[in-house]
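Remarks on the structure that follows.
Since every read-out is calculated from the coordinates, none of them should be taken as a lab result. Everything numeric in this text was worked out from a predicted model, so none of it was measured. A quick note on method: Cβ atoms are made from the backbone with ideal geometry, for glycine too, and the neighbour counts reach across all protein chains shown.
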Amino acid sequence: MTRRHAQEPVGAPHGDVTVEQVELSAELAGAEGRAATAEVAEYALWLGDDALILSQQLGGWIARAPELEEDVALANIALDLLGHARSFLRYAGSYDGRSEDDLAYWRDEPEFRCAWLFEQPNGDFAQTIARQLAASVYLFELYTALSGSSDETLAAIAAKAVKEVEYHRDHAVQWTLRLAGGTDESRRRMVQAIGDVWPYVGELFRDEPLIDRLDGVAVPPSALQPAFDAVIAAVFAEAELEVPATAMSSAGGRRGSHFPTLGYLLAEMQVLARQHRGATW
C-alpha cells in the first residue's frame, strides 16, 4: 500500500528509474509519537476498512469504464480512498505495532470491519454509481463531523479526507443525474441499481456499543443520518427518483460478518503479498 513514484533520468539508455518511497508520516499531521488505544484502534479499523475495500472495488474499473475520462476519475477516487485507508490503518496499527500493510494483507475475512455497502460488487456502471453516491454522501458527513474529534489524529485525517470526498460526492451526484435523466435504458439501470444498493445503507447509521465507549472521539452513526437523508432527498428530487421502500439488511460488517463477495475481493487483493511475503521493489 506504500505510495511510490518514479522519475526517469534524462537520456537514460534503457528506461532506468529511481524509486522514492513517500512516507505516510508526511501526510498524517498530528500522528507522530501517538499510539491509539485498543478501542480507538478498533474504530480506526472501521474507517480504514471502509476506505480500503471501496478503493479496491473502484480500481476494478480501470480500463473498463464507459469512457476514458471515467477511467481516470475512478482511478483518482480510488487513490484518494487508498490514502485515507493508509492513514486510518496506520493509526489502528499503532496500538499493537502492526503496519498498514499488515492490516491490509494479513488479516482474514472475519477480522475486517467494513460495512456491507462497501462490499457490494461493482455490477454495471449504474450499480457502481449508486454505491458511490451512498458511500460518498455518508463519508462526507462522517469526515466533516470527525474533524471535530477530541482525538487529534482522527481529526487530522478526517480534515484532509473531507476535502477529497467532497469531489467524490459531486462526481457521484452528477452521474446519478446524468444516468437518471438520460436514455430509457440508463434510467432503468439507475433505478434498479438504487434498489439493489439501498438495503445496505441502513448499516452505516447503526450505533454499535463501541461508539458509546468513545464519546467525544467517535461520531455516533445515527447522528449522521438526517444530513445524509437531506442530501439524498435533494438529489433524488432533481433526478425524479424515489428512495426505495426496502427492508434494511441484517448486515454485520462491524462485527466481522460479511457479504459473500468480500472473501473473493480479499483473495485478489492479498494474493501477491501472501505469495511473496516481504518482497520489495
(message) Using the basic label-point model (7 angstrom from Cα toward the beta carbon), what is the E242 to R213 distance in nanometres?
(response) 4.3 nm
(message) At 25 °C and a viscosity of 0.890 mPa s, what translational diffusion coefficient does Stokes-Einstein give for the range 217-281, taking Rh as the Kirkwood radius over Cα pairs? Give it in µm²/s as a whole number.
(response) 151 µm²/s
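Quick one: net charge of L265's neighbours, Cβ under 12 Å, K/R +1, D/E -1? Don't skip to the end; give the middle numbers.
Values: positive: none; negative: D49, E109, E119, E268.
Cβ neighbours under 12 Å give a net charge of -4.
Answer rounded, prolate or oblate for the chain, using the Cα gyration tensor with square roots of eigenvalues a ≥ b ≥ c: rounded when a/c is under 1.5, else prolate when a/b is larger than b/c, else oblate. The partial results should precede the final answer.
Working: a/c = 1.68, a/b = 1.18, b/c = 1.42.
It is oblate, given that a/c is not under 1.5 and a/b is not larger than b/c.
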(message) Quick check on packing: order 264-270, 149-155, 39-45 by the mean number of other C-beta atoms within 10 Å, highest mean leading.
(response) 39-45, 149-155, 264-270
(message) Applying a 10 Å radius around every beta-carbon, put 187-198, 218-229 in order of their mean neighbour count, most first.
(response) 187-198, 218-229
(request) Determine, from the Cβ-Cβ distance of R178 and A233 and an R0 of 25 Å, the FRET efficiency 1/(1 + (r/R0)^6), rounded to the nearest 0.05. (result) 0.85
(request) Taking the Cβ of each residue in H276, H171 as the centre, tally the other Cβ atoms inside 10 Å and list the residues starting with the fewest. (result) H276, H171
(request) Determine the sum of side-chain charges near A247: Lys and Arg each +1, Asp and Glu each -1, restricted to other residues whose C-beta is under 15 angstrom from that of A247. (result) -1
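Sort 161-168, 248-255 by the packing proxy (mean of other Cβ within 10 Å over each peptide's residues), most packed first.
Values: 161-168: 19.6, 248-255: 16.9.
Result, highest mean first: 161-168, 248-255.
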(request) Give me the percent of Cα-Cα pairs in the range 137-281 that sit more than 26 Å apart, rounded to a whole number. (result) 43 percent
(message) Suppose every Lys and Arg Cβ carries +1 and every Asp and Glu Cβ carries -1, with no other charges. What dipole size does the chain come out with about its Cα centre, to the nearest 20 debye?
(response) 300 debye
